[in-house]
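As structure tokens, the structure follows; a few thoughts come after it.
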Amino acid sequence: MANIKSAKKRILVNRTKAERNKAVRSSVKTAMKKVFSAVESGDKSAAQAALADATKTIEIAGSKGVYHKNNVAHKVSRISKAVNGMA
């Protein structure tokens with residue numbers, strides 16, 4: 001354990017940020033799973049609604065610094081391609 005006060009604070013702050021980032025990443029994964037499950041079931045309207053929700057969640061995660069902007073673009077592109085590829 002750290003002895004210096006600033007080092008102790010760093011440990012606490014890093015732990016807090018890591019927990020927040022973990023929660024945000026989890027919500028992004030859940031949103032993406034909803035899109036893919038809607039695509040699998042063949043429900044176009046549900047897939048488009050899930051796509052809008054997932055895109056918003058991913059964009060917010062990117063703006064908070066949880067994901068890099070290129071990673072955000074990759075994720076959005078991937079789910080968009082899945083929905084647009086539906087017959």
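The values are calculated or read from the model by the stated rules, or taken from the named source; none is laboratory data. Bear in mind the structure is a predicted one, so any value in this text is a computation, not a measurement. For neighbour counting, all protein chains shown are included, and Cβ atoms are generated from backbone atoms with ideal geometry for every residue, glycine included. Protein only, heavy atoms only, side chains kept; ligands, DNA and RNA dropped before computing areas. Shrake-Rupley method; radii C 1.70, N 1.55, O 1.52, S 1.80 Å.
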Meets criteria (of a type in the set (Lys, Arg) and under 13 Å from the mean Cα position of the chain (by Cα)) for residue 44: no
Taking the options 33, 22, name whichever one is modelled with pLDDT of 95 or more, in a helix (DSSP H, G or I), open to solvent by 90 Å² or more (accessible area, probe 1.4 Å) and within 23 Å of residue 83 (Cβ to Cβ). 33
If we ask which residues in the range 47-87 are open to solvent by 40 Å² or more (accessible area, probe 1.4 Å), assigned to a helix (DSSP H, G or I) and among the aliphatic types (A, V, I, L, M), their number turns out to be 4
Close pairs from the range 15-43: first under 19 Å from residue 67 (Cα atoms), partner basic (Lys, Arg) and open to solvent by less than 100 Å² (accessible area, probe 1.4 Å), Cβ under 9 Å, at least 6 apart: 28/75; 32/75
Residues 20, 25: which one is within 9 Å of the chain's Cα centre (by Cα) and over 15 Å from residue 78 (Cβ atoms)? 25
